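What follows is a short report on a single structure.
The values are calculated or read from the model by the stated rules, or taken from the named source; none is laboratory data. Keep in mind the model is a prediction, meaning the values are calculated, not measured. Glycine also receives a Cβ, built like all others from the backbone with ideal geometry; neighbour counts cover every protein chain displayed. Heavy atoms of the whole protein, side chains included, go into the accessibility calculation; ligands, DNA and RNA do not. Shrake-Rupley method; radii C 1.70, N 1.55, O 1.52, S 1.80 Å.
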Amino acid sequence: MRGGIPPRIFIKNIMRSRCYRVAFCGSEYMITFAVLGLGNRGSVYSNNIIKHKNAKIVSVCDISEASLNQAKELYDVADDELFDNEDEFFKVKRADVLIVATLDGLHCRQTVKALSLGYDVLLEKPVAPTMEECNEIYAAAKKYGRDVVVCHNLRYTPFYQKLKTLIKSGVIGEVLSVEQAENVAYSHYMCSFIRGKWHSAEETSPIILQKCCHDIDIISWFVERKETYEESFGTLEYYTRARKPAGSPERCLDCKYKNCRYNAYEFSIKAPGTLCVPYGFKYTPENIADFLRPADNLYGQCVFSCPNDVCDRQTVNVAFEDGVTANLLMHGFSLYETYRITRVFGSKGRLTGRLEDGKIRLALFDGTDKIIDVNDEIEDKESHSGGDAKLVADYISYKETGVRPLGISELADSLQSHRLAFGAEEKRLENPLPTKTGTVPTKDTVGYTGIYEKVKNFIAKYGDGVRAVTMTVNCREEDLQKRIESDLGFMSGLIGSAVYKIDKNVSDKGYPHGFIVAFCENGALARLSFTCSPLAERTEISAFAPSANVYADSETNKVIVKTGELFDDDREI
């Protein structure tokens, strides 16, 4: 044996057409990495690579001097392998694997060049900002016989790996419907999609691709069928100049509204880690102020006057072959942290959970009802719930042995989710908001009680306009039509706007299930997810306004609310 690798595997790695430059450090087999783009994502992968004794970063290219210093000081990259010029960097192949973690619009050119030099590529998502460029990369990988693995890090989280394992085991039977929600914290949305690098769809990519290709990938991974129908609604309505407070300046440091939750300086003092600052930056109040002060730095600009154009809410309905339904809802109004809710409905039961909690509830029609806790499997909960660390570990294992781990997403696997994302954006653009808006009566004509009444009263008191509301309902089939009518009416009343367009994505395979999505004239989105399974009747309600969030569950009869500023605790009413 050589370095602990069985002879058969060692010979396979030497003889295969895409074999590595074999380097030895003592008795260890070493996989070498070059990094193109040592920003946030490039740093995350690099910081995890150096934890592995059989992997080494040998070359880095970045336009930032601070990033090159980081490569030298943290990763021990030699001076003659540090580049601030892409052309110089690409003169020769410098490692076994190239990590491409640059802005979206650069991916195609850089990845194709890397493939032509003989690199295998670990490619940050999204693959590229157009389907044509995705296909160009795919064709190049085929032409040069190299691997491209896409960094869909949700696939590597213990939470989603356990969900996938359970689905594959058949414990819930055949997958009938998948419900996905990405509730983006306003803090994250503000820093990345208003002031940050991804504020412009033209400069990078639409938010449904940039932020949500992970979620669409998870749906595709779970369903494993070809899509037959797609529709999407969404808009940018809140974070615009029309919402700018009267008399407020362009720059937050000059603003009199110091209690504004979006004030760049006040927010950055509370959450300094959200700033995209160079390596070695010292987070003192003075340094933060100096960083935010330059007029060309969007991080210091009022969120209501930035040149952002990506959606602050969007939903995607997808029907797949064999009567399978799926829906994704994304919005930027969570007062909590960014969190994902996933529900998978099968012919024998369902799986539900929140990624950040690390717990999955398995409820079967035979009466089985249990919680599966995966928290002990999470290496680094703060980095995509353990997904980043496991992505790197699994990729290194894949390259060492040729045995494909569960989460690995080759480029071919990513083409469907990217095609769906591009299709969703095309559909969204076909549904612009009307020039005139209508309101709905605020009088409660149905007489809602219980959790409905609590949600309605809370939103009426604390909410400043619901931007997204979702309901998940399991009810008897004979009650379904009545429930749909009343629940859509309830959500419309919460929003206070007439419905502009509606989309139905329904199926009766197994039992009635599906999604009804309403796009309101004020831009708000309402999603009703329904099933008529043999499980107990249950209603869950989530509503999101910029200053108030509420979640209600009829099973526990609890209503959890949150108001106010970053880091405030939620409470039960």
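Rolling a 1.4 Å probe over the protein heavy atoms gives segment 185-344 an accessible area of 36 Å² per residue. Looking at segment 85-152, which trypsin sites (Lys or Arg not before Pro) are DSSP coil and have at most 12 other C-beta atoms within 10 Å of their C-beta? Loop-located and lightly packed - Lys91. Accessible surface for segment 398-437, divided over its residues, is 46 Å² per residue with a 1.4 Å probe. Semi-axes of the equivalent ellipsoid of segment 83-191 are 33, 19, 13 Å, computed as sqrt(5λ) over the eigenvalues of the C-alpha gyration tensor in descending order. Go through segment 241-288 and name the trypsin sites (Lys or Arg not before Pro) that are in a DSSP coil and have 13 or fewer other Cβ atoms within 10 Å of their Cβ. When the trypsin sites (Lys or Arg not before Pro) of segment 241-288 are filtered for loop state and at most 13 Cβ neighbours within 10 Å, Lys256, Lys258, Lys282 remain. One Cα centroid belongs to segment 112-137, the other to segment 474-510; the line between them spans 42 Å. Working note: Karplus 6.51/-1.76/1.60 with θ = phi - 60° gives segment 146-158 the couplings 10, 8, 10, 10, 9, 7, 7, 5, 4, 4, 9, 5, x Hz, where Gly and Pro are set to x. Using heavy atoms of the protein chains and a probe of 1.4 Å, the accessible area assigned to Val506 is about 80 Å².
Derived value for segment 204-345: Kirkwood hydrodynamic radius 17.9 Å. Basis is the mean of 1/r over every pair of different alpha-carbon atoms. Here the gap between Thr228 and Asn259, fully extended at 0.36 nm per residue and compared with their Cα-Cα distance, gives a gain of 6.3 nm. Over the Cα atoms of the chain, each weighted equally, I'd like the Debye log10 I(q)/I(0) at q = 0.05, 0.08 Å⁻¹, rounded to two decimals. Evaluating at q = 0.05, 0.08 Å⁻¹ gives log10 I(q)/I(0) of -0.22, -0.57.
Stretching the chain fully between Leu429 and Ala242 yields a gain of 65.2 nm (0.36 nm per residue, less the alpha carbon separation). Stokes-Einstein diffusion of segment 528-573 at 25 °C, 0.890 mPa s viscosity, Kirkwood radius from Cα pairs, rounded to a whole number: 202 µm²/s. Available extension along the chain between Ile573 and Ala460 is 39.2 nm, counting 0.36 nm per residue and deducting the alpha carbon span. Protein-only accessible surface at a 1.4 angstrom probe places the residues Cys151, Cys260 in the order Cys260, Cys151, largest first.
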